[in-house]
Amino acid sequence: MNNTLISIEDLKKIYQVGTQEVRALNGVSLTIQRNEYVAIMGPSGSGKSTLMNIIGCLDSPTSGNYVLNGTDVSQMEDNDLAEVRNKEIGFVFQSFNLLPRYTAMDNVALPLIYAGMPKHERMKRAETALVSVDLLNRKDHKPNELSGGQRQRVAVARALVNNPSIILADEPTGNLDSKTSIDIMNLFEEIYKKGNTIIVVTHEEEIALHARRIIRLRDGIIESDKENPNPVRG
């Protein structure tokens, strides 16, 4: 079986800002295997958010190829991209993106509604996901009744509920204190050890050091792509 999950070749993204042409990505090529733990780093304006949006099927490149899990997604229409996104990618955002009127359980089950899954099956899967982040005892709580760390755990459970190919985390500890950040990174470690592929986009060195491989972007190109021989654990 082919172990390549992501194959990106000569990816370019050009935005028109007024009369200015902004080259957010300027020929990025990379490959990510199944069950890798990768951090994508770079200063503001380096292209890391643009790359994350393309990897997450939230945006399309201007040119270049992107094959995700055997499917060429680089020139797909929005509707097809949305389908791939819901099936293949679990997102974890800095701002949690939880619905305030929904319980933790209902927030976790949300992607399964889009997938057309029957309610009893949704609840069963959501419960399993909450168990995996050690938060089943908070399943009936709404986001405003949870701490920041608990909210991010709910977001991680929601990302896991569809059994996606990739967990894509955008500055996942950006709104958390140091101790809670360590807890969330330990949770990612556990998820990685279970065989998941994790891509963390961050500007924080100490967060990137949890990954097994660190890709650094600058001015829309890959500046370095190195294995991390001593990842932070625990």
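The values are calculated or read from the model by the stated rules, or taken from the named source; none is laboratory data. Remember, it's a predicted structure, so these values are computed and weren't measured experimentally. When we count neighbours, we look across all protein chains shown, and the Cβ atoms used for this are built from the backbone with ideal geometry, even at glycine. Ligands, DNA and RNA are stripped out before the accessible areas are found, and what is left, the full protein with its side chains, is counted by its heavy atoms. Shrake-Rupley method; radii C 1.70, N 1.55, O 1.52, S 1.80 Å.
Being at pLDDT below 90, assigned to a loop (DSSP other than H, G, I, E, B) and at negative phi, is that true of even one residue in segment 48-58? Within segment 48-58 (the criterion being at pLDDT below 90, assigned to a loop (DSSP other than H, G, I, E, B) and at negative phi), the answer is no, since none of the residues qualifies.
For every residue, the table says whether it meets (1) farther than 27 Å from Glu204 by Cβ; (2) modelled with pLDDT under 95; (3) open to solvent by 50 Å² or more (accessible area, probe 1.4 Å).
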| position | (1), (2), (3) |
| --- | --- |
| Ala82 | yes, yes, no |
| Lys87 | yes, yes, yes |
| Val92 | no, yes, no |
| Ser95 | no, yes, yes |
| Tyr102 | yes, no, yes |
| Val108 | no, no, no |
| Met117 | yes, yes, no |
| Glu121 | yes, yes, yes |
| Arg125 | yes, yes, yes |
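Can we say Tyr15 is aromatic (Phe, Trp, Tyr), at pLDDT 95 or above, over 15 Å from the mean Cα position of the chain (by Cα) and at negative phi? So Tyr15 does not fit the description; no. Within segment 1-40, the set of residues being open to solvent by less than 20 Å² (accessible area, probe 1.4 Å) and under 19 Å from Tyr192 (Cα atoms) comprises Leu5, Ile6, Ile32, Tyr37, Val38, Ala39, Ile40. Of the residues screened, Ile40 is one that is under 16 Å from the mean Cα position of the chain (by Cα), closer than 19 Å to Glu204 by Cα, modelled with pLDDT of 95 or more and assigned to a strand (DSSP E or B). Is it the case that some residue within segment 136-158 is closer than 15 Å to Val92 by Cα, touching an Asp or Glu at 6+ places or on another chain (Cβ under 6 Å) and open to solvent by 20 Å² or more (accessible area, probe 1.4 Å)? No - not one qualifying residue is present in segment 136-158. Answer yes or no: is there a residue in segment 69-77 that is in contact (Cβ under 8 Å) with a residue 24 or more places away in the chain and hydrophobic (A, V, I, L, M, F, W, C). Within segment 69-77, none of the residues are in contact (Cβ under 8 Å) with a residue 24 or more places away in the chain and hydrophobic (A, V, I, L, M, F, W, C). Mind listing whichever residues of segment 59-80 are of a type in the set (S, T, N, Q), out of contact with any Phe, Trp or Tyr (no Cβ under 9 Å at 6 or more places or on another chain) and either open to solvent by less than 10 Å² (accessible area, probe 1.4 Å) or at positive phi (or both)? Listed by number, the list holds a single entry, Asn69.
Restricting the first member to segment 185-210 and to residues that are acidic (Asp, Glu), and the second to residues that are surrounded by 14 or more Cβ atoms within 10 Å (Cβ to Cβ), the beta-carbon pairs closer than 7 Å and six or more apart or on different chains are Glu189/His210. Kindly indicate whether any position in segment 151-161 is of a type in the set (Val, Ile, Thr), at negative phi and more than 13 Å from the chain's Cα centre (by Cα). So far as segment 151-161 goes, yes, one or more of its residues are of a type in the set (Val, Ile, Thr), at negative phi and more than 13 Å from the chain's Cα centre (by Cα). Criterion first (touching a Pro at 6+ places or on another chain (Cβ under 8 Å), more than 26 Å from Leu51 (Cβ to Cβ) and not acidic (Asp, Glu)) does Lys124 satisfy it? Taking the combined requirement at face value, the residue does not satisfy it.
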